[in-house]
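The values are calculated or read from the model by the stated rules, or taken from the named source; none is laboratory data. What you see is a predicted model; the values in this text were computed from it and never measured. Heads up, the Cβs are rebuilt from the backbone with ideal geometry, glycines too, and the neighbour counts pull from every protein chain shown. Only protein heavy atoms, including side chains, enter the accessible area calculation; ligands, DNA and RNA are left aside. Shrake-Rupley method; radii C 1.70, N 1.55, O 1.52, S 1.80 Å.
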Amino acid sequence: MNSREDEPSGEPSGKYFFSTPMEMEALFAGCFQQNLRRMGNCFGVKPVVRDLRLQLISAEPAKVQRALAFLKHLEQLRLENAGRRVDQQDFDQLLSAFQNSTENELQNYFAQRIKVSPRKKEIVPRTANQLAYVRAVREHDVVFGIGPAGTGKTYLAMALAVSEFLAGRFDRIILTRPAVEAGENLGFLPGKLEEKINPYLRPLYDALYDMLDFEEATSFTERGIIEVAPLAFMRGRTLNSAFIILDEAQNTTNEQMLMFLTRLGFRSKCVVAGDPTQIDLPGRKNSGLLNAVKRLSGIGEIKICRFTSRDVVRHALVEKIINAYHEESSEKEPAHVSLG
(Lines give C-alpha, C1' and ligand atoms only; values in the text may rest on other atoms or scores of the structure.)
Protein backbone atom coordinates (compact mmCIF):
# COMPACT_ATOMS: atom_id res chain seq x y z
CA MET A 1 0.00 0.00 0.00
CA ASN A 2 2.73 2.44 0.93
CA SER A 3 5.03 4.07 -1.63
CA ARG A 4 8.61 4.94 -0.72
CA GLU A 5 9.38 7.19 -3.65
CA ASP A 6 11.42 10.30 -2.91
CA GLU A 7 9.57 13.58 -3.24
CA PRO A 8 10.77 15.84 -6.05
CA SER A 9 12.27 18.98 -4.56
CA GLY A 10 11.08 22.50 -5.35
CA GLU A 11 7.59 21.47 -6.50
CA PRO A 12 4.42 22.64 -4.71
CA SER A 13 2.76 19.89 -2.72
CA GLY A 14 -0.04 19.29 -0.27
CA LYS A 15 -0.39 16.71 2.50
CA TYR A 16 -3.37 14.64 3.53
CA PHE A 17 -3.21 12.49 6.67
CA PHE A 18 -5.12 9.28 7.42
CA SER A 19 -5.89 7.93 10.90
CA THR A 20 -5.54 4.22 10.05
CA PRO A 21 -4.79 1.99 7.05
CA MET A 22 -8.48 0.97 7.12
CA GLU A 23 -9.45 4.61 6.60
CA MET A 24 -7.22 4.78 3.53
CA GLU A 25 -8.99 1.78 2.01
CA ALA A 26 -12.41 3.07 3.04
CA LEU A 27 -11.85 6.47 1.45
CA PHE A 28 -10.77 4.94 -1.86
CA ALA A 29 -13.64 2.44 -2.11
CA GLY A 30 -11.49 -0.53 -1.13
CA CYS A 31 -9.26 -0.19 -4.23
CA PHE A 32 -6.61 2.12 -2.84
CA GLN A 33 -3.82 1.82 -5.41
CA GLN A 34 -6.11 1.77 -8.46
CA ASN A 35 -8.29 4.69 -7.37
CA LEU A 36 -5.28 6.65 -6.13
CA ARG A 37 -3.76 6.43 -9.62
CA ARG A 38 -7.06 7.50 -11.17
CA MET A 39 -7.21 10.50 -8.85
CA GLY A 40 -3.62 11.45 -9.69
CA ASN A 41 -4.28 11.23 -13.44
CA CYS A 42 -7.50 13.20 -13.13
CA PHE A 43 -5.94 16.14 -11.29
CA GLY A 44 -2.47 15.99 -12.82
CA VAL A 45 -0.73 15.39 -9.49
CA LYS A 46 1.80 12.80 -8.33
CA PRO A 47 0.58 10.98 -5.20
CA VAL A 48 3.32 9.77 -2.83
CA VAL A 49 2.27 7.63 0.13
CA ARG A 50 4.40 7.26 3.25
CA ASP A 51 2.83 5.44 6.15
CA LEU A 52 -0.41 7.34 6.82
CA ARG A 53 0.56 10.46 4.91
CA LEU A 54 -0.45 11.15 1.32
CA GLN A 55 1.59 13.84 -0.41
CA LEU A 56 0.27 15.34 -3.65
CA ILE A 57 2.93 16.87 -5.87
CA SER A 58 2.54 19.07 -8.95
CA ALA A 59 4.26 22.04 -10.57
CA GLU A 60 0.87 23.81 -10.44
CA PRO A 61 -0.43 24.63 -6.93
CA ALA A 62 -4.01 24.90 -8.20
CA LYS A 63 -3.99 21.21 -9.16
CA VAL A 64 -2.81 20.24 -5.69
CA GLN A 65 -5.60 22.27 -4.10
CA ARG A 66 -8.23 20.67 -6.36
CA ALA A 67 -7.00 17.19 -5.40
CA LEU A 68 -7.09 18.09 -1.70
CA ALA A 69 -10.63 19.42 -2.10
CA PHE A 70 -11.60 16.11 -3.70
CA LEU A 71 -10.18 14.19 -0.74
CA LYS A 72 -12.14 16.37 1.69
CA HIS A 73 -15.35 15.67 -0.24
CA LEU A 74 -14.57 11.93 -0.07
CA GLU A 75 -14.10 12.18 3.68
CA GLN A 76 -17.40 14.01 4.02
CA LEU A 77 -19.11 11.23 2.09
CA ARG A 78 -17.57 8.60 4.35
CA LEU A 79 -18.67 10.40 7.50
CA GLU A 80 -22.21 10.88 6.17
CA ASN A 81 -22.29 7.13 5.57
CA ALA A 82 -21.55 6.43 9.26
CA GLY A 83 -17.85 5.88 8.58
CA ARG A 84 -18.45 3.00 6.19
CA ARG A 85 -16.38 2.53 3.07
CA VAL A 86 -17.07 4.93 0.19
CA ASP A 87 -18.95 3.10 -2.55
CA GLN A 88 -17.16 2.78 -5.90
CA GLN A 89 -20.08 4.45 -7.67
CA ASP A 90 -19.88 7.37 -5.22
CA PHE A 91 -16.14 7.63 -5.83
CA ASP A 92 -16.64 7.61 -9.61
CA GLN A 93 -19.46 10.16 -9.43
CA LEU A 94 -17.43 12.54 -7.30
CA LEU A 95 -14.32 12.17 -9.47
CA SER A 96 -16.38 12.82 -12.60
CA ALA A 97 -17.94 15.91 -11.01
CA PHE A 98 -14.51 17.36 -10.19
CA GLN A 99 -13.28 16.48 -13.67
CA ASN A 100 -16.18 18.44 -15.18
CA SER A 101 -16.04 21.25 -12.57
CA THR A 102 -19.58 20.46 -11.40
CA GLU A 103 -18.70 19.46 -7.84
CA ASN A 104 -20.76 22.34 -6.44
CA GLU A 105 -23.87 20.76 -7.98
CA LEU A 106 -23.10 17.38 -6.44
CA GLN A 107 -24.64 18.30 -3.11
CA ASN A 108 -28.01 18.43 -4.90
CA TYR A 109 -27.63 14.72 -5.67
CA PHE A 110 -26.68 13.68 -2.15
CA ALA A 111 -29.43 15.88 -0.72
CA GLN A 112 -31.90 13.62 -2.59
CA ARG A 113 -30.41 10.38 -1.23
CA ILE A 114 -33.03 7.72 -0.56
CA LYS A 115 -33.01 6.03 2.85
CA VAL A 116 -34.19 2.44 2.72
CA SER A 117 -33.75 -0.28 5.36
CA PRO A 118 -31.21 0.78 8.06
CA ARG A 119 -29.04 -2.20 7.14
CA LYS A 120 -28.98 -1.28 3.44
CA LYS A 121 -26.93 1.44 1.78
CA GLU A 122 -28.70 4.70 0.96
CA ILE A 123 -29.40 5.16 -2.75
CA VAL A 124 -28.26 8.31 -4.54
CA PRO A 125 -29.35 9.51 -8.01
CA ARG A 126 -26.37 9.38 -10.38
CA THR A 127 -27.37 11.62 -13.29
CA ALA A 128 -29.26 14.87 -13.85
CA ASN A 129 -32.25 12.97 -15.27
CA GLN A 130 -32.26 10.60 -12.31
CA LEU A 131 -32.15 13.59 -9.95
CA ALA A 132 -35.13 15.17 -11.73
CA TYR A 133 -36.97 11.83 -11.59
CA VAL A 134 -36.48 11.41 -7.82
CA ARG A 135 -37.68 14.96 -7.22
CA ALA A 136 -40.68 14.40 -9.50
CA VAL A 137 -41.75 11.23 -7.68
CA ARG A 138 -41.46 12.99 -4.34
CA GLU A 139 -43.51 15.96 -5.52
CA HIS A 140 -46.18 14.39 -7.80
CA ASP A 141 -48.81 11.70 -7.37
CA VAL A 142 -48.44 10.28 -10.90
CA VAL A 143 -45.05 10.06 -12.65
CA PHE A 144 -43.97 8.36 -15.89
CA GLY A 145 -40.36 7.23 -16.21
CA ILE A 146 -39.48 6.48 -19.84
CA GLY A 147 -36.15 5.30 -21.25
CA PRO A 148 -33.80 2.39 -21.97
CA ALA A 149 -32.79 -0.46 -19.69
CA GLY A 150 -30.42 0.28 -16.85
CA THR A 151 -31.37 3.93 -16.35
CA GLY A 152 -32.86 3.37 -12.89
CA LYS A 153 -36.52 3.94 -13.74
CA THR A 154 -37.85 1.03 -11.72
CA TYR A 155 -34.98 0.76 -9.24
CA LEU A 156 -35.28 4.35 -8.02
CA ALA A 157 -39.06 4.08 -7.88
CA MET A 158 -38.71 0.94 -5.75
CA ALA A 159 -36.26 2.69 -3.44
CA LEU A 160 -38.61 5.63 -3.02
CA ALA A 161 -41.54 3.30 -2.38
CA VAL A 162 -39.67 1.46 0.38
CA SER A 163 -38.37 4.72 1.86
CA GLU A 164 -41.81 6.35 1.96
CA PHE A 165 -43.41 3.17 3.33
CA LEU A 166 -40.84 2.79 6.13
CA ALA A 167 -41.35 6.47 6.98
CA GLY A 168 -45.06 5.76 7.50
CA ARG A 169 -46.36 7.85 4.59
CA PHE A 170 -48.05 4.87 2.92
CA ASP A 171 -49.65 1.74 4.32
CA ARG A 172 -48.54 -0.61 1.55
CA ILE A 173 -46.58 -1.03 -1.65
CA ILE A 174 -48.06 -2.48 -4.84
CA LEU A 175 -45.62 -3.69 -7.51
CA THR A 176 -47.05 -4.88 -10.80
CA ARG A 177 -46.16 -5.60 -14.42
CA PRO A 178 -47.88 -7.22 -17.41
CA ALA A 179 -46.97 -10.86 -18.04
CA VAL A 180 -47.12 -10.38 -21.81
CA GLU A 181 -44.89 -13.30 -22.71
CA ALA A 182 -47.25 -15.77 -21.00
CA GLY A 183 -50.26 -14.78 -23.07
CA GLU A 184 -52.74 -17.56 -23.83
CA ASN A 185 -50.10 -20.22 -23.18
CA LEU A 186 -50.08 -19.55 -19.43
CA GLY A 187 -52.55 -22.38 -18.80
CA PHE A 188 -50.28 -24.92 -20.47
CA LEU A 189 -47.42 -24.27 -18.07
CA PRO A 190 -47.09 -26.70 -15.13
CA GLY A 191 -47.87 -25.63 -11.56
CA LYS A 192 -50.26 -23.26 -9.83
CA LEU A 193 -51.04 -19.81 -11.22
CA GLU A 194 -48.63 -18.17 -8.74
CA GLU A 195 -45.80 -20.45 -9.92
CA LYS A 196 -46.59 -19.69 -13.56
CA ILE A 197 -46.46 -15.90 -13.22
CA ASN A 198 -43.57 -15.73 -10.72
CA PRO A 199 -40.79 -15.64 -13.39
CA TYR A 200 -42.31 -12.47 -14.86
CA LEU A 201 -42.30 -10.78 -11.45
CA ARG A 202 -38.78 -11.88 -10.48
CA PRO A 203 -37.08 -8.55 -11.42
CA LEU A 204 -39.35 -6.73 -8.97
CA TYR A 205 -38.41 -9.12 -6.18
CA ASP A 206 -34.71 -8.70 -7.03
CA ALA A 207 -34.94 -4.93 -6.62
CA LEU A 208 -36.99 -5.30 -3.45
CA TYR A 209 -34.28 -7.41 -1.80
CA ASP A 210 -31.77 -4.63 -2.53
CA MET A 211 -33.86 -2.26 -0.40
CA LEU A 212 -34.89 -4.57 2.45
CA ASP A 213 -33.39 -7.50 4.32
CA PHE A 214 -34.66 -10.83 3.03
CA GLU A 215 -36.55 -11.48 6.28
CA GLU A 216 -38.17 -8.02 6.17
CA ALA A 217 -39.22 -8.37 2.53
CA THR A 218 -40.56 -11.89 3.10
CA SER A 219 -42.55 -10.81 6.15
CA PHE A 220 -44.08 -7.82 4.36
CA THR A 221 -45.02 -9.83 1.26
CA GLU A 222 -46.48 -12.73 3.26
CA ARG A 223 -48.66 -10.27 5.18
CA GLY A 224 -49.77 -8.54 1.98
CA ILE A 225 -48.23 -5.21 3.01
CA ILE A 226 -45.99 -5.43 -0.04
CA GLU A 227 -47.80 -6.99 -2.96
CA VAL A 228 -46.10 -8.18 -6.14
CA ALA A 229 -48.69 -9.18 -8.71
CA PRO A 230 -49.40 -9.28 -12.46
CA LEU A 231 -51.29 -6.33 -13.89
CA ALA A 232 -54.45 -8.39 -14.46
CA PHE A 233 -54.85 -8.68 -10.67
CA MET A 234 -55.38 -4.90 -10.41
CA ARG A 235 -58.75 -4.93 -12.17
CA GLY A 236 -61.71 -3.82 -10.07
CA ARG A 237 -59.62 -2.57 -7.15
CA THR A 238 -59.26 0.88 -5.53
CA LEU A 239 -55.80 1.34 -4.01
CA ASN A 240 -55.81 3.76 -1.07
CA SER A 241 -52.73 4.87 0.89
CA ALA A 242 -50.50 2.87 -1.45
CA PHE A 243 -47.29 3.49 -3.38
CA ILE A 244 -47.96 1.76 -6.71
CA ILE A 245 -45.37 0.93 -9.38
CA LEU A 246 -46.15 -0.37 -12.86
CA ASP A 247 -43.04 -1.83 -14.51
CA GLU A 248 -42.62 -2.79 -18.20
CA ALA A 249 -45.47 -0.43 -19.00
CA GLN A 250 -44.64 -0.46 -22.71
CA ASN A 251 -46.30 -3.89 -22.81
CA THR A 252 -49.70 -2.66 -21.66
CA THR A 253 -52.57 -2.12 -24.06
CA ASN A 254 -54.54 1.13 -24.05
CA GLU A 255 -57.30 -0.58 -22.08
CA GLN A 256 -54.89 -1.99 -19.50
CA MET A 257 -53.21 1.36 -18.97
CA LEU A 258 -56.53 3.11 -18.43
CA MET A 259 -57.59 0.36 -16.02
CA PHE A 260 -54.34 0.71 -14.06
CA LEU A 261 -54.32 4.50 -13.81
CA THR A 262 -57.90 4.55 -12.56
CA ARG A 263 -56.99 2.26 -9.64
CA LEU A 264 -55.41 5.25 -7.89
CA GLY A 265 -57.15 5.91 -4.58
CA PHE A 266 -56.88 8.51 -1.84
CA ARG A 267 -53.41 9.30 -0.41
CA SER A 268 -51.75 7.14 -3.08
CA LYS A 269 -48.84 7.64 -5.46
CA CYS A 270 -48.26 5.95 -8.80
CA VAL A 271 -45.08 5.50 -10.87
CA VAL A 272 -45.22 4.07 -14.41
CA ALA A 273 -41.91 2.83 -15.87
CA GLY A 274 -41.28 1.57 -19.39
CA ASP A 275 -39.02 1.42 -22.43
CA PRO A 276 -40.80 2.15 -25.74
CA THR A 277 -38.01 0.40 -27.70
CA GLN A 278 -38.88 -2.97 -26.09
CA ILE A 279 -42.55 -3.41 -26.94
CA ASP A 280 -43.47 -7.12 -27.00
CA LEU A 281 -47.23 -6.83 -27.52
CA PRO A 282 -48.54 -9.50 -29.90
CA GLY A 283 -50.23 -8.60 -33.16
CA ARG A 284 -48.59 -5.18 -33.38
CA LYS A 285 -51.01 -3.74 -30.81
CA ASN A 286 -50.54 -0.12 -29.81
CA SER A 287 -48.63 0.42 -26.59
CA GLY A 288 -50.68 1.84 -23.73
CA LEU A 289 -47.55 3.66 -22.54
CA LEU A 290 -47.16 5.64 -25.75
CA ASN A 291 -50.86 6.42 -25.83
CA ALA A 292 -50.91 7.54 -22.18
CA VAL A 293 -47.94 9.87 -22.59
CA LYS A 294 -49.58 11.47 -25.62
CA ARG A 295 -52.94 11.92 -23.86
CA LEU A 296 -51.70 12.97 -20.41
CA SER A 297 -48.70 15.20 -21.16
CA GLY A 298 -50.85 18.32 -20.85
CA ILE A 299 -51.98 17.57 -17.28
CA GLY A 300 -49.80 19.61 -14.94
CA GLU A 301 -50.19 17.28 -11.95
CA ILE A 302 -48.70 14.39 -13.97
CA LYS A 303 -44.93 14.44 -14.51
CA ILE A 304 -43.26 12.70 -17.45
CA CYS A 305 -39.50 12.05 -17.04
CA ARG A 306 -37.35 10.85 -19.92
CA PHE A 307 -34.04 9.01 -19.78
CA THR A 308 -31.36 8.36 -22.40
CA SER A 309 -28.45 5.92 -22.69
CA ARG A 310 -26.32 8.48 -20.86
CA ASP A 311 -28.35 7.70 -17.73
CA VAL A 312 -27.39 4.00 -17.75
CA VAL A 313 -25.88 3.11 -14.37
CA ARG A 314 -25.18 -0.57 -14.90
CA HIS A 315 -21.89 -1.91 -16.23
CA ALA A 316 -20.10 0.71 -18.35
CA LEU A 317 -20.55 -1.48 -21.46
CA VAL A 318 -24.36 -1.37 -21.23
CA GLU A 319 -24.52 2.20 -22.55
CA LYS A 320 -22.32 1.24 -25.53
CA ILE A 321 -24.46 -1.82 -26.25
CA ILE A 322 -27.66 0.23 -26.17
CA ASN A 323 -26.17 2.84 -28.50
CA ALA A 324 -24.87 0.17 -30.93
CA TYR A 325 -28.28 -1.50 -31.21
CA HIS A 326 -30.03 1.86 -31.50
CA GLU A 327 -27.76 2.94 -34.36
CA GLU A 328 -28.29 -0.32 -36.26
CA SER A 329 -32.07 -0.29 -35.83
CA SER A 330 -32.20 3.35 -36.95
CA GLU A 331 -30.46 2.40 -40.20
CA LYS A 332 -32.71 -0.59 -40.98
CA GLU A 333 -36.11 0.25 -39.51
CA PRO A 334 -38.42 3.25 -39.17
CA ALA A 335 -37.96 5.04 -35.85
CA HIS A 336 -40.39 4.42 -32.98
CA VAL A 337 -43.03 7.00 -32.22
CA SER A 338 -41.37 10.00 -30.62
CA LEU A 339 -42.24 10.81 -27.02
CA GLY A 340 -41.41 14.41 -27.30
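Annotations
- Under the simplified labelling scheme, the THR20-ASN100 pair shows an inter-label distance of 3.6 nm, with each label point 7 Å from Cα along Cα→Cβ.
- Debye-sum result for region 198-277 in log10 I(q)/I(0), which assumes one identical scatterer on each alpha carbon, at q = 0.12, 0.22 Å⁻¹: -0.37, -1.19
- One Cα centroid belongs to region 119-142, the other to region 253-288; the line between them spans 21 Å.
- Extension gain for ALA132 to TYR205 (0.36 nm times residue separation, less C-alpha to C-alpha distance): 23.8 nm.
- Farthest toward positive dipole pole in the chain [+1 Lys/Arg, -1 Asp/Glu at C-beta], among VAL64, PHE32, ASN286: ASN286
- For the chain, adding -39500 (n - 2.57) for each run of n ≥ 4 DSSP H residues and dividing by the number of residues yields -13500 deg cm²/dmol at 222 nm.
- For region 24-48 and region 85-109, distance of Cα centres in Å: 14 Å
- With both residues required to sit in the chain, DSSP beta bridges show an antiparallel share near 30%.
- Pairs over the 25 Å Cα-Cα cut-off, from the set LYS153/LYS294; LYS121/LYS153; LYS115/LYS153; LYS72/LYS303: LYS72/LYS303.
- Rel. contact order, % - alpha carbon contacts under 8 angstrom, at least six apart, region 68-148: 16 percent
- Distance between the 7 Å Cα→Cβ label points at CYS31 and ALA232: 4.5 nm.
- Accessible area of CYS305 in the full protein assembly, 1.4 Å probe (Å², nearest 10): 10 Å²
- The magnitude of the dipole of the chain, with charges of +1 and -1 set on the Cβ of Lys/Arg and Asp/Glu and taken from the Cα centre, is near 580 debye.
- Cubic angstrom per residue, convex hull over Cα atoms of the chain: 169 Å³
- Note on LEU296 and LEU52: the model spin-label points, each 7 Å out from Cα along the C-beta direction, lie 5.5 nm apart.
- Of the peptides 85-97, 264-276, 245-257, the ranking by mean beta-carbon count within 10 Å, highest at the top, reads 245-257, 264-276, 85-97.
- Measuring nothing but how far apart in sequence close Cα pairs (under 8 Å, 6+ apart) lie, relative to its length, the chain scores a relative contact order of 17 percent.
- Global form of region 14-92, assessed from the alpha-carbon gyration tensor, a/c cut-off 1.5: prolate
- Difference of contour (0.36 nm per residue) and Cα-Cα distance, THR262 to GLN89: 58.5 nm
- Fully extended contour minus Cα-Cα distance, from LYS120 to ASN286, at 0.36 nm per residue: 55.8 nm
- Rounded to the nearest 20 debye, the dipole magnitude of region 10-156 is 260 debye, with +1 charges on Lys and Arg beta carbons, -1 on Asp and Glu beta carbons, and the Cα centre as origin.
- For region 1-134, the Rg and Dmax computed from alpha carbons only, in angstrom: 15.6, 51
- Within-13-Å neighbourhood charge of VAL293 [Cβ basis; K, R +1; D, E -1]: +3
- Candidate residues LYS294, LYS153, LYS285, LYS63: accessible-area rank, largest first, probe 1.4 Å: LYS294, LYS285, LYS63, LYS153
- Ranked by solvent-accessible area (1.4 Å probe, protein heavy atoms only, all chains present), the residues ARG172, ARG295, ARG202 order from largest to smallest as ARG295, ARG202, ARG172.
- Estimated FRET transfer efficiency when R0 is 35 angstrom, pair GLU80-GLU255 (beta carbons, to 0.05): 0.15
- FRET efficiency estimate (nearest 0.05) - Cβ-Cβ, ALA149 to GLU60, R0 51 angstrom: 0.75
- Using a Förster distance of 56 Å, the FRET efficiency for ALA167-ALA324 (Cβ separation, nearest 0.05): 0.85
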